[in-house]
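These notes are about the structure you will find just below.
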Amino acid sequence: QVQPVESGGGLVQAGGSLRLSCAASGIISSINYMGWYRQAPGKQRELVAGIADGGRTNYADSVKGRFTVDRDAKNTVSLQMNNLKPEDTAVYYCNTRTTWAPGRDFWGRGTQVTVSS
């Protein structure tokens with residue numbers, strides 16, 4: 001099992017910045033991907049950004065140039081969010097995938113990000 005835990009959400013004004021962090025516990029040697037998803041009220045959960053072993057990253061078009069995903073260690077991932085917009089308001093979830101359980105997603109409980117206009 002792998003259990004991600006998020007931290008760093010909060011309330012910020014439009015144009016501001018926040019940094020989210022996630023640390024996963026469990027069989028961390030098998031982690032091969034970590035990323036961030038978000039879900040706004042009434043909307044489906046969507047990919048924000050992710051980073052695989054080797055450093056390959058992917059981003060949603062809506063956050064390119066504003067958000068940066070990084071892995072500081074095998075079991076940690078961060079999301080630096082700059083120039084935040086009210087439409088970035090959502091619950092942000094850390095997602096982890098492993099070689100131990102291919103095709104299975106492990107999710108954190110989420111952290112709220114609220115951007116006021």
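Among residues of region 26-38 that are at positive phi, none has a Cβ under 6 angstrom from a residue that is of a type in the set (Gly, Ala, Ser) and buried (at least 18 other Cβ atoms within 10 Å of the Cβ) at a sequence gap of 6+ or on a separate chain.
Identify all residues within region 71-104 that are among the acidic types (Asp, Glu) and either closer than 17 Å to Glu46 by Cα or touching a Leu at 6+ places or on another chain (Cβ under 8 Å) (or both); write none if there are none.
If the condition is that a residue be among the acidic types (Asp, Glu) and either closer than 17 Å to Glu46 by Cα or touching a Leu at 6+ places or on another chain (Cβ under 8 Å) (or both), then Glu87, Asp88 are the ones that fit.
Within region 76-94, residues that are touching a residue at least 24 places away in the same chain (Cβ under 8 Å) have Cβ atoms under 6 Å from residues that are of a type in the set (Asp, Glu) and surrounded by 19 or more Cβ atoms within 10 Å (Cβ to Cβ) in these pairs: Cys94/Glu6, counting only partners at least 6 apart in sequence or on another chain. Answer yes or no as to whether Asp61 is of a type in the set (D, E, K, R) and either under 17 Å from Glu6 (Cβ atoms) or within 14 Å of the chain's Cα centre (by Cα) (or both). When the stated conditions are applied, Asp61 does not pass them. Give me the pairs: first residue in region 47-72 and free of Cβ contacts under 8 Å to residues at least 24 places away in the same chain, second residue of a type in the set (Lys, Arg), beta-carbon distance under 8 Å, and six or more apart or on different chains, which are they? If the second residue must be of a type in the set (Lys, Arg), the pairs left are Gly55/Arg71. In summary, Lys43 fulfils each of the numbered conditions (1) of a type in the set (Lys, Arg); (2) closer than 21 Å to Ser117 by Cβ; (3) touching a Phe, Trp or Tyr at 6+ places or on another chain (Cβ under 9 Å) with the single exception of condition (3).
The single condition among (1) open to solvent by less than 60 Å² (accessible area, probe 1.4 Å); (2) out of contact with any Asp or Glu (no Cβ under 7 Å at 6 or more places or on another chain); (3) modelled with pLDDT of 95 or more that Thr111 does not satisfy is (2).
The values are calculated or read from the model by the stated rules, or taken from the named source; none is laboratory data. Please read all numbers here as calculations on a predicted model, not as lab measurements. We place every Cβ from the backbone using ideal geometry, glycine too, and count neighbours over all the protein chains shown. Protein only, heavy atoms only, side chains kept; ligands, DNA and RNA dropped before computing areas. Shrake-Rupley method; radii C 1.70, N 1.55, O 1.52, S 1.80 Å.
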